[in-house]
Amino acid sequence: MISKLEQEALAFVKKKEGKKPSVAKNIKLHNRTLKVGYRDISIHVVKPDFITENIGSSDYGQFLPKKNRIDIQAQQHPLDEVNTILHELLHVIVNDIGETQKGGVLADDETEEKFIYNASNYLAQIFRDNTWLLDYLQAQFKR
């Protein structure tokens, strides 16, 4: 038996499939703010050659907890940029819930990075492979 939620999801997908693809919105990322828990996290798009506190120039982004800021390197492939945003957002979340503190399951930097790397890759792939999902989620939030 299909639940009501699954029925609504199927109806939404069916309706969406009958429409022409929408034109992607050109949303600027620089100086945007994400509301995450009690924080407002600012996003800064920076030159691709930045090297700061804890990252090398080969990294695509960084979360700076004391500044409530995420830096994202400019000129990334769109999928890499999405993955980087998800990756850094997960850093914000695990930091805020305390799992990166002493005794937390992600207290070790390597363990934290491995977990977040894998989780962000999976989330990016789920959103890429199921484009209807984001539209569905937005529709549900507006109810």
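Throughout, read-outs are computed from the coordinates displayed, never taken from laboratory work. These numbers come from a predicted model, not from an experiment. Counting neighbours? That spans all protein chains shown, and the Cβs are built from the backbone with ideal geometry, glycine included.
Beyond 32 Å in Cα-Cα separation lie the following of the pairs Lys28/Lys67; Lys35/Lys102; Lys28/Lys102; Lys102/Lys142: Lys28/Lys102; Lys102/Lys142. R0 = 25 Å: FRET efficiency of Gln138 with Val105, Cβ-based, nearest 0.05? Given R0 = 25 Å and the Cβ-Cβ separation, E is 0.20.
Could you compute the FRET efficiency for Phe127 and Asn68, with r as their C-beta to C-beta distance and R0 at 22 Å, rounded to 0.05?
Values: r = 25 Å, r/R0 = 1.13.
With a Förster radius of 22 Å, E is 0.35.
Between Gln75 and Val36, what FRET efficiency comes out of the Förster formula 1/(1 + (r/R0)^6) with R0 = 41 Å and r the beta carbon distance, rounded to 0.05?
Working: r = 25 Å, r/R0 = 0.62.
Calculated transfer efficiency: 0.95.
For the range 28-143, the Cα-based Rg and Dmax, in that order, read 14.7, 43 Å. Arranged from fewest to most other beta-carbon atoms within 10 Å of their beta carbon, His44, His87 become His44, His87.
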